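To start, the structure itself, in C-alpha cells.
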Protein chains: 2
Amino acid sequence: MPLDLTADVVDLTAALVDLESVSGNERAITDAIEAELAKAAHLSVTRIGNSLVARTELGRSERVVIAGHVDTVPLNDNLPSRNDGTLLHGLGSCDMKGGVAVALKLAAGLPTPERDITFVFYECEEVDAVRNGLRIISEQRPDLLEADFAILMEPSDAGVEAGCQGTLRVEVSTTGERAHSARSWRGKNAIHGAAEILNRLAAYEARMPVIDGLEYHEGLNAVLINGGVATNVIPDRCTVTVNYRFAPDRSEAEALAYVTEFFDGFEIALTDSAPGALPGLDRPAAKAFVDAVGGQVGPKFGWTDVARFTVLGIPAVNYGPGDPTLAHKQEEYVPLEQIRRCEQTLRTWLTSGPGA
Amino acid sequence: MPLDLTADVVDLTAALVDLESVSGNERAITDAIEAELAKAAHLSVTRIGNSLVARTELGRSERVVIAGHVDTVPLNDNLPSRNDGTLLHGLGSCDMKGGVAVALKLAAGLPTPERDITFVFYECEEVDAVRNGLRIISEQRPDLLEADFAILMEPSDAGVEAGCQGTLRVEVSTTGERAHSARSWRGKNAIHGAAEILNRLAAYEARMPVIDGLEYHEGLNAVLINGGVATNVIPDRCTVTVNYRFAPDRSEAEALAYVTEFFDGFEIALTDSAPGALPGLDRPAAKAFVDAVGGQVGPKFGWTDVARFTVLGIPAVNYGPGDPTLAHKQEEYVPLEQIRRCEQTLRTWLTSGPGA
C-alpha cells in the first residue's frame, strides 16, 4: 500500500511503523518513500543503497539537513502499531519513525521553504557502523550533505539535545602464571591482580564539564570482565573491557590518553573509538533553531550520528519526538502531541527563515 | 598383541603406554589386562564396565588395596612411547601407566604374598566423577574394596604422599542495575561491585596446618570471572568462581562455612565439593608401609581418589613413579629408576608382611 504523505502526521507514523524495516530489511520502506518523493517536483532525489537524499534547490542563503534512519532494532512481538489516543505504540514508534514521519510531511508539503532543505532517510543505523547509510553517503557523496546546520530526528522528547558525547572502549588486562589450583602458590593469579583495576573504577569520579552552557556527564565503566582457564587452574589472564563516555571538549586522542593514564601500570588495548560532537550553539543557524524551539536545550549523553556531521564541519543537534530512554525497548511508544509539536515547530522555522 | 606380564617392568610400561586408552576408550587395554590376570590361578577377577578387581584369597591377617587408573587425558601428539635410557616418554607414562605396570607385575608375579592384595585397575579417572570406575565399584560392590590399607599408584616421585586436600568450588556474585553506558549514573555497576571480592582474595593468607607430622597448604583462588551484558550496558551481574583447597582436618561442611564467612555480604552458591583424606599414618598397616619405603612421607596437596577410600574407612596413600607436576603435560615422562624402585619396594613389603 503506498504511503499517503498528505495524511495526518500521526497516521503517517503508524503507517511507517506497520511497514516493518528491521536493519537489513529497508528495501520496502525505502521504495515506498522514494515513490512518493519522486512525485514532488521541488525535490531532487538521489538513492544510494536503501538510503535517500531529497534536496530543495531554491538558492536560499542557508541550507539545513533533516535526517532520520528508517531501520529499527529486531522485532520483539511489538507490531502492528496501536494508537491509544495519546500514545502510538509499536516497534520503531519512538526510535524513530515519529521523526521520519515529521520529515516526510515537511518534504512533501513545503515546496518553498525559506531555508533550503536536504532530507536524508537512511538505512542500518542500528547495526555495525560499516553498514550505516549516513556514513556511506558521507563517504561516497559528501557533496550531498553540505549544509549550515543539521537536525537529526532522534528521539529527544521534542526538545533540542545538542552535540553528543564520544565513546571509546579499551581492554585492560592483567597477566599471571598458570599452576594447578591445588598448588596455587606456584602460580600467580591474574584475576586477583585485577582487583586494582576494579578499585580504580569504583573510585572514579565523573567529569562534568559545561560546554556552550550545557552540562555533560562523563562515565568510565567496566562493561565486561573475563578471566580464567579451568576450574582447577590458577588463571594467567584477566581482561576488563572498559567503556569511556567522554564529553565533546575532548578529542578521541585526549580521551585515550586519559584512560591510559588512569590505568597506568596495566596492559591496555583500544578496541573501539568514536568522537563526540560539540554542541555548536554559537552558529547562527543553530541559534535561530533553538530560539524557534523555545530555547530549551540539553546535552546529549549518548553517541548519535550527529557526530558524523561534526566530522563534516556541520553543527548538528538531535531533535525529535519520543523519550530516548524508550529506544530499543519492547514497550516503546511515542506521544502523539510530540509528533505534532515537532512538525509544527519545524514548519514554522523553515518557512520563516533568513530567505534569499 | 597380548601383554607380557613376565617382561621387565619398564618394557611393560612402554607396552601399556602404546595401548592408547584415553578416557572412554579403555576397552582394549582392559581386555588385554583381563586376559593375562585370568591366567593367574591365585587371583579372583571381577569385571565391572572397563574396570577390574583382582584379589588374592589367602586368609592373611591384613588386606591391602593397590589401585591405578588405566585411562589417560587426550592425545597430544605424544604417542608412541620413547625410552631414552633414563626416562620413558609418552602419553600416560607418568599419569599413571608406570604405576599400573608395577601393580600388574606384582599381581602376576606374587602368588603367595604375606598380605592379601586387592588389585584395582579402573576406568575414567580423568573425567567427570560420575564415570569414575573406582567410584562405581565403591558404590556397586564396596565388599570388593574392603581392606586395612590402600595404595593408590598416582605419581608421587616414588615417595609416599599421604592423605589429600579437599576441594570445593563456589560462585560468588554481585548484582547491580542495568543502564545504558552513556547514562551510567542511572545504573549500578556489578563488576565494580566485585572489587571487594577480589580484594579479599588478594589479601588471603593460606592456612598451613600440620597433621600427623605433615604440613598441608591451603589455597583460596578465583579461577574464573565473568560479568557483563554488552559493551554499551552497565552490567547487572558479575560472578567469580572460587576454588578452595582445604587441608583434610576440615570437613566439607567446615570448608563451606569458612568460605561463606570469608565472603560475608555476597551471594554465594556451592557448585562442587569433594572431601579431603586424612593421612591416617597412625594405622599399623600405614606405618609398616612408610617404614618399608624408608620413612619419607609428604602431604598430598591435590585431590585424588584416595579420598574415596577414606570415605570407606580405609586409610590410603599415594605412592607411584613419576613427577606429579608432569601429569597432563604433553611432555610427560617417567624415570625408569623410579618404576623399578617402586616395584622392588612393594615386592619386599608385600612378601615380608604380618603373614597369617
Exercise. Residue farthest toward the positive end of the dipole of region B:94-210, with Cβ of Lys/Arg at +1 and Asp/Glu at -1: which of B:Ile197, B:Gly109, B:Ser156?
Worked result: B:Ile197
Exercise. Average partner chain C-beta neighbours within 10 Å, per residue of B:231-242?
Worked result: 4
For this session: Would you mind putting A:151-162, A:108-119, A:216-227 in packing order, based on average other-beta-carbon counts within 10 Å, highest first?
Result: A:151-162, A:216-227, A:108-119
Problem set entry | Phi to ³J(HN,Hα) by Karplus 6.51 cos²θ - 1.76 cosθ + 1.60 over region B:97-108, Hz, x for Gly, Pro | 6, x, x, 5, 4, 4, 4, 5, 4, 5, 4, 7
Problem set entry | Translational diffusion of chain A, µm² s⁻¹ [Kirkwood Rh, Cα pairs; Stokes-Einstein; 37 °C; 0.692 mPa s] | 150
For this session: Using Cα pairs closer than 8 Å and at least 6 residues apart in sequence, work out the relative contact order for chain B, in percent.
Result: 25
Problem set entry | Peptide A:186-198, shielding by other chains (average Cβ, 10 Å cutoff) | 6
Exercise. Counting DSSP beta bridges in chain A, what percent are antiparallel, to the nearest 5?
Worked result: 70
For this session: May I ask for the net charge around B:Leu220, where only other residues with Cβ less than 13 Å from the Cβ of B:Leu220 are counted and Lys, Arg are +1 while Asp, Glu are -1?
Result: +2
Problem set entry | Net length gained if the chain between B:Arg186 and B:Glu146 were fully extended (0.36 nm per residue, minus Cα distance) | 8.0 nm
Exercise. Tell me, what does the Kirkwood hydrodynamic radius of region A:1-146 come to in angstroms if you use every pair of distinct C-alpha atoms?
Worked result: 15.4
Exercise. How big is the C-alpha Rg of region A:194-342 next to the rule-of-thumb value 2.2 N^0.38 Å, as a ratio?
Worked result: 1.33
For this session: Report Rg/Rh for the protein assembly as shown, rounded to two decimals, where Rg is the Cα radius of gyration and Rh the Kirkwood radius.
Result: 1.21
Problem set entry | CD proxy at 222 nm, helix term only [per DSSP H run n ≥ 4: -39500 (n - 2.57); per residue of chain B; nearest 500] | -8000 deg cm²/dmol
Problem set entry | Rg over Rh, two decimals, region B:69-138 (C-alpha only, Kirkwood Rh) | 1.04
Seminar exercise, completed: Rounded to a whole number, the mean other protein chain Cβ count within 10 angstrom for residues of A:167-174 is 1
For this session: Enumerate the residues in region B:3-39 having an amide nitrogen under 17 Å from the point lying 7 Å beyond the Cα of B:His328 toward its Cβ.
Result: B:22-24
For this session: Any chance you could tell me what percent of the C-alpha pair distances in region A:173-231 go past 18 Å?
Result: 54
Exercise. Expressed in whole Å with the largest first, what are the equivalent ellipsoid semi-axes of region B:146-270 derived from the C-alpha gyration tensor as the square root of 5 times each eigenvalue?
Worked result: 40, 14, 12
Problem set entry | Summed side-chain charge close to B:Ala257 - residues other than B:Ala257 whose Cβ falls under 12 Å, Lys, Arg +1, Asp, Glu -1 | -3
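No value in this document is a laboratory result; all are computed from the given coordinates. Here the structure is a predicted model, which means the values were calculated and not measured. Don't worry about glycine lacking a Cβ; one is built from the backbone with ideal geometry, like all the others, and counts go over all protein chains shown.
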